[in-house]
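Before any comments, here is the structure.
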Amino acid sequence: MIKIVMFGPQGAGKGTQADRLSRRLNIPHIPTGQMLREEIAADTKLGQKVSEIMKRGELVADWQMNEIIRDRVNAPEYQNGFILDGYPRNVDQAEFLDYQIAVDKVLFLNLPKTEVMKRLSGRLTCPKCGAIFHKVFNPSIAGDKCDRCQTVLQVRADDTPEAIAKRLEQYEEETEPLHEYYLKKGVLIEIDAAPNIEQVGLSIWEALGL
Ligand code: AMP
C-alpha cells in the first residue's frame, strides 16, 4: 500500500509516468487536470465552471479541488494506495491533503525550462481515455489516433503559447514551494525527468525501492 504524489513542471511527464506506475503497482491514478477535462467534455456544471479558467492556464479554486480530492482519497477503492497527479498544486492544497491522509512518497519530476517548452509544443492527448503522446518524443502508431482507443488525438486547449506562459508562471509561484514543503517532511524524491520515458520510469522504480 503506497500513497504517492507526483509533481513537477508542465511537460515533465507526470501524467505519462503516473499512468505507467499505476498499471505496474495496480493502484489508481488520480489525474486532476484530466478529470477536469473530462468534466468539460461531458459539459457538466463543474466543466462549464472551470472551462474558461483552464483555457487561460489559471488554477481552479482550492476549495473546489479540495472537495474533489477529499471524496476520492477517502473512498474505499483508494485505500490500497493511489498516485495523485496534478494535486496538490500549492502549499494550501498540500496542507489540506495532510489532514486527509498520510502521503508516503512525493516524486518531484525535475525538468529545465528549455525542455519544458519542447515537450509542450507537440504534445497530443486523447480526449476519450486521457492517454498522452508527443509528435516527436512519443508518437502514437497511427500518428493522429490513440493507440489504446483509436480516438482522434487533440492538442490540449491550454497548450497555447499564452496559456503555457501563464501555467509556467503559476508553477513557479504556487507549485515550486511544494519542494521545500515535502523536503522538510522527509518524503521528497527528486527524479531527473530529462531522459526518455523508459529511463525516467526506471529511475522512478529504483527510487521507490519497491
Ligand atoms: P494538468 O493536466 O495537471 O496540467 O492541469 C490542467 C489544468 O487543470 C490546470 O492548469 C488547472 O487549471 C487545472 N487544475 C488541475 N489540477 C489542479 C489543482 N490541483 N488545483 C487547481 N487547478 C488545477
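Scanning the range 66-80 for residues that are closer than 14 Å to Gln100 by Cβ and either within 13 Å of the ligand (Cβ to nearest atom) or outside any loop (DSSP other than H, G, I, E, B) (or both) yields Asn66, Glu67, Ile68, Ile69, Arg70, Asp71, Arg72, Val73, Tyr78. Tell me, please, whether a residue that is within 13 Å of the ligand (Cβ to nearest atom) and in a helix (DSSP H, G or I) can be found in the range 81-90. Checked against the condition, which is being within 13 Å of the ligand (Cβ to nearest atom) and in a helix (DSSP H, G or I), the range 81-90 yields no hits at all. Take the conditions (1) part of a loop (DSSP other than H, G, I, E, B); (2) in contact with a helix residue (DSSP H, G or I) (Cβ under 9 Å, 6 or more places away or on another chain); Ala94 misses just one of them, which is (1). Residues in the range 76-99 that are more than 13 Å from Met65 (Cβ to Cβ) and aromatic (Phe, Trp, Tyr): Tyr78, Phe82, Tyr99. Does Ala94 fit the bill of being more than 8 Å from the ligand (Cβ to nearest atom) and closer than 23 Å to Gly186 by Cα? Considered against the rule, which asks whether it is more than 8 Å from the ligand (Cβ to nearest atom) and closer than 23 Å to Gly186 by Cα, Ala94 comes out as yes. So, in the range 23-43, how many residues would count as being more than 15 Å from the ligand (Cβ to nearest atom), at negative phi and at pLDDT 95 or above? Number of matching residues: 5.
Applying the set (1) within 16 Å of the ligand (Cβ to nearest atom); (2) over 25 Å from Thr175 (Cα atoms) to Ile141 leaves exactly one unmet item: (1). May I ask you to say which residue of Glu180, Glu162, Glu173 is exposed (fewer than 13 other Cβ atoms within 10 Å of the Cβ), acidic (Asp, Glu) and within 30 Å of Asp43 (Cα to Cα)? Exactly one residue qualifies, and that residue is Glu162. The set of residues in the range 112-147 being in contact with a strand residue (DSSP E or B) (Cβ under 8 Å, 6 or more places away or on another chain), outside any loop (DSSP other than H, G, I, E, B) and either touching a residue at least 12 places away in the same chain (Cβ under 8 Å) or within 16 Å of Val200 (Cβ to Cβ) (or both) consists of Arg119, Arg123, Leu124, Thr125, Ile132, Phe133, His134, Asn138.
Every condition in (1) part of a helix (DSSP H, G or I); (2) near the ligand (Cβ under 10 Å from one of its atoms) is met by Trp63 except one, and the failing one is (2).
Here is a yes/no grid of residues against (1) under 26 Å from Ser140 (Cβ atoms); (2) β-branched (Val, Ile, Thr):
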| residue | (1), (2) |
| --- | --- |
| Ile2 | no, yes |
| Ala18 | yes, no |
| Ser22 | yes, no |
| Asn74 | no, no |
| Phe82 | no, no |
| Val91 | no, yes |
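In this structure, is Leu183 more than 19 Å from the chain's Cα centre (by Cα), of a type outside the set (S, T, N, Q) and in a helix (DSSP H, G or I)? Considered against the rule, which asks whether it is more than 19 Å from the chain's Cα centre (by Cα), of a type outside the set (S, T, N, Q) and in a helix (DSSP H, G or I), Leu183 comes out as yes. If you go through the range 114-122 one residue at a time, do you hit one that is at pLDDT 95 or above, closer than 30 Å to Pro195 by Cβ and surrounded by 15 or more Cβ atoms within 10 Å (Cβ to Cβ)? No, there is no match, as no residue in the range 114-122 is at pLDDT 95 or above, closer than 30 Å to Pro195 by Cβ and surrounded by 15 or more Cβ atoms within 10 Å (Cβ to Cβ).
This table checks each residue for (1) touching a Leu at 6+ places or on another chain (Cβ under 7 Å); (2) of a type outside the set (Gly, Ala, Ser); (3) crowded, with 20+ Cβ neighbours inside 10 Å; (4) not in a loop (DSSP other than H, G, I, E, B).
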{"position": "Arg24", "(1), (2), (3), (4)": "no, yes, no, yes"}
{"position": "Glu39", "(1), (2), (3), (4)": "yes, yes, no, yes"}
{"position": "Asp43", "(1), (2), (3), (4)": "no, yes, no, no"}
{"position": "Glu52", "(1), (2), (3), (4)": "no, yes, no, yes"}
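Once the range 86-111 is narrowed to residues that are over 17 Å from the mean Cα position of the chain (by Cα) and in contact (Cβ under 8 Å) with a residue 24 or more places away in the chain, the residue that is surrounded by the most Cβ atoms within 10 Å (Cβ to Cβ) is Phe96.
The values are calculated or read from the model by the stated rules, or taken from the named source; none is laboratory data. Quick caveat: nothing in here was measured; it's all calculated off a predicted structure. Every residue, glycine among them, receives a Cβ derived from its backbone with ideal geometry; neighbour counts consider all protein chains shown.
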